[in-house]
Each structure stands twice: as C-alpha cells, then as structure tokens.
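The values are calculated or read from the model by the stated rules, or taken from the named source; none is laboratory data. Given the structure is predicted, the values throughout are model-derived calculations rather than measurements. With ideal geometry, Cβ positions are generated from the backbone for all residues, glycine too; neighbour counts draw on all protein chains shown. Accessible surface areas use protein heavy atoms only, side chains included; no ligands, DNA or RNA. Shrake-Rupley method; radii C 1.70, N 1.55, O 1.52, S 1.80 Å.
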Amino acid sequence: MNRIGRILLILMVIFLLSSCKDTSIINKISLVLTSAYDLQDNHIHNSVLVGEYSDKDKSDVRLMEIDSSNNFDVVSRMNMQSKEPIEYGQLRVMVLGEIYARHGIGNILHILSHNTKVSRRMQLAVAEGKALDIIKASMPFHDPLYLMKLIEQNANYANLPHSSLHQTLFQYFSKGQDIYLPRLTLNEQQKIELDGLVIFRGELATLQINEDEGLCLKLLTENAKNGKFLVPVTDVPNLTQSIPKEPHYALLKILSSSVKHRSSDPQSETLDTSIRISASVIKDSQNDFLLSGNDMKALEREIQQHMEEKINRLVQKFQSEHVDPVGFGDYVKSRTHHWNSQTFYKSYSAMDIRLHVDLSLVQDGIQE
C-alpha cells in the first residue's frame, strides 16, 4: 500500500471512531461535581452543586436539592428539576452527612460500585452535622471543585491519609480492612476545615480521630512524604536550660516513611509492625538554634519514643473499638489459607500488635 493509501485508511478509521462517540456540549448539560447525602425524617435529602460555565475561563456553582425515600431514584428525581440533562461523569466529591454515615453507607457504595461513569478517583468525606451545610459553605468560593482541592491538598502536603472511591470500595468489600474517610466541619467563622477522620466498622461510622491521630494512621497505611508532628521534649539539656518553666516542643516535618508488618506464624496472635521515618526538625520560636552530636541523638531518642507510644495508643484504640482501618486483617489474610474474617476479628481486640518506630532526624538550616 502506498503512502496516500495509508493516509486515507487512517483518516477513515478516525472518522468511524469519532462518529461512534456519544458527545455532550458542556453548556447544554448540568454537570454535577459535588454531591451531598443527608438522612432526615427517614428520607434521603440529596443536594448537588452543578458547575456553571457561561463565560470562557470562568465558573460558578448552582445548588439543586431533592428528597427521596431511597438512594436508587435520586438521579431520576433530580432530573425532574433541571432544564438540561444531569450528568454525573465528572463527580469529584461526595459528602455524607453525620446521621447518614451512622446509619450505614453500604447502600450508596453498592450503587457507586456499579456506576461505571463515576471516576474511581472521586473523594468521599463525612460532614460534622449536615452535608448540605458543608457544600453551601463552599459556594462563596465560586469553585465547583473547592472541596476536592481541599481534601487532595491536605492528603498530598499535610496529615490526611490518601483516599479515593477505589480505595473505599476495596476496604468495604475486602473484609480485611475498615473504611476511613476525612471529616469536614465548619469552624466558628463558618469556614470549612478538615477535622481528622471518621473510622467505620463495616458500613457504620463508629469512631472519630483527630488530626495528629490521622497522621499516625497515615504512617501505618502508606509511605508518607508529608505531614507535621508536634512533640513535647524534656530530656535534652540545651532545649530546657533557657526557660525551664516553659514547656518546649519540637515540630517535625515528615520527609519519608515506610511501614512493614511481620508475623512468624500467621496462626499466632502476635504481629510486629515497623515504621521507618525520616523527618526534619523545626524548632519553636523559643529555641532558635540547632543541635548536633549527643544532643541531637538524645532528641531523636525522645521523639522516637513519643511517636511510638502515640501510635501504639492509637492501635489499641482501634482494637478496643473493634475497627481495623490499618488493614491488619488483609495482611494476615495474604499469609493464611482459608482465612475467615469472623474468626480473625473475634480475637483481634486481644492481638499482641507490637509497634516499633525507627526515627532518623535531619536538621534544616545552616550550622557552623
């Protein structure tokens, strides 16, 4: 085949492929980017933020609300309020109200698992109070992706563990790990902020942990590259000699971390978890100097012990509340034939989970 023939063949294939694609013009559809679910008076209240793209390079949001007796006809009922077809293919955040989450999110997760149009990178979050209040508070920013950016920024550069719809579905259906989702709240100025995480037992919201505990969970579940940790220090002489009556703190910035689980016998009720952390030290304003030699090693040992105790307390809290957001069950399942979740979690609260932290401190700044 000559060159002209090959070019004509390629053009025909492109034409056929493009003619089969179902296209939608953005200003002729209602593009849902944020959705919220609340439970009130035994009815589901669904609210959505629709992106408005009337002008080039400008966007705004429009709020739509609907009540329904179930999760299945929410989309069709919402369409009855819109003059354009509603599309959920670009849905980026789903906020679940506090009462809704406590009553169980299994139903909506099953629906999302069968919806191939919704991106598996979508973020889910739980609201303190009503999810509707959270998305209403985001409207003054005129950015339909504001909540998505808030969650992703805190996962990439702060203490929030990474999450997505894909991960949440895996946690829900695997039976060896429990779901954790970021918690959104309104502060005194009615501004949206992240307030730790909500841990689920199965499909039910059960436990709330704060931001520091969220960083501990991040270190337990992923190779973290960001996050800050405020640690009280008392044993380093140079840190306490200037103002002995004042408490002193070292602010740590996580540079990198890795986590490994070990068990010599999967049938035993003992599990060793090791976390290796590399972190830089940022002093508070009262301690504007750098450490070296023995002082640095002493600070390293004290911070390591503090972090190890804090993470151990969090794991013990998970065991006492019978939740497993770390995924200890998944680890044991990967090493056990005919693993049974009910059998494992009957003994989970009494398991001897030995957690060890190996901390390496790196100093920022200039020293002589």
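Data for the structure
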| read-out | value |
| --- | --- |
| Cross-chain or 6+ apart pairs with Cβ under 6 Å, the range 182-210 first and of a type in the set (Ser, Thr, Tyr), then open to solvent by 10 Å² or more (accessible area, probe 1.4 Å) and outside any strand (DSSP E or B) | 185/128 |
| Matching option when the condition is closer than 30 Å to residue 331 by Cβ, at pLDDT below 85 and of a type outside the set (Lys, Arg), among 265, 235, 288 | 265 |
| Unmet criterion (only one of (1) open to solvent by 70 Å² or more (accessible area, probe 1.4 Å); (2) modelled with pLDDT under 85; (3) not in a loop (DSSP other than H, G, I, E, B)) for residue 5 | (1) |
| Residue ranges of helices (runs of 4 or more DSSP H) in the range 75-175 with at least 2 members closer than 18 Å to residue 190 by Cα and among the charged types (D, E, K, R) | 131-138 |
| Number of positions in the range 193-204 that are of a type in the set (A, V, I, L, M) and either on the phi > 0 side of the Ramachandran plot or open to solvent by 20 Å² or more (accessible area, probe 1.4 Å) (or both) | 2 |
| The range 324-367, residues that are in a loop (DSSP other than H, G, I, E, B), surrounded by 11 or more Cβ atoms within 10 Å (Cβ to Cβ) and of a type in the set (Val, Ile, Thr) | 326, 336 |
| Unique residue being modelled with pLDDT of 70 or more, of a type in the set (A, V, I, L, M, F, W, C), loosely packed, with under 14 Cβ neighbours inside 10 Å and on the phi < 0 side of the Ramachandran plot when the list is 252, 207, 230, 219 | 230 |
| Members of the range 196-210 found to be part of a strand (DSSP E or B) and not hydrophobic (A, V, I, L, M, F, W, C), listed by number | 196, 201, 206, 208 |
| Residue in the range 28-51 that is at pLDDT below 70, assigned to a loop (DSSP other than H, G, I, E, B) and open to solvent by 60 Å² or more (accessible area, probe 1.4 Å) present | no |
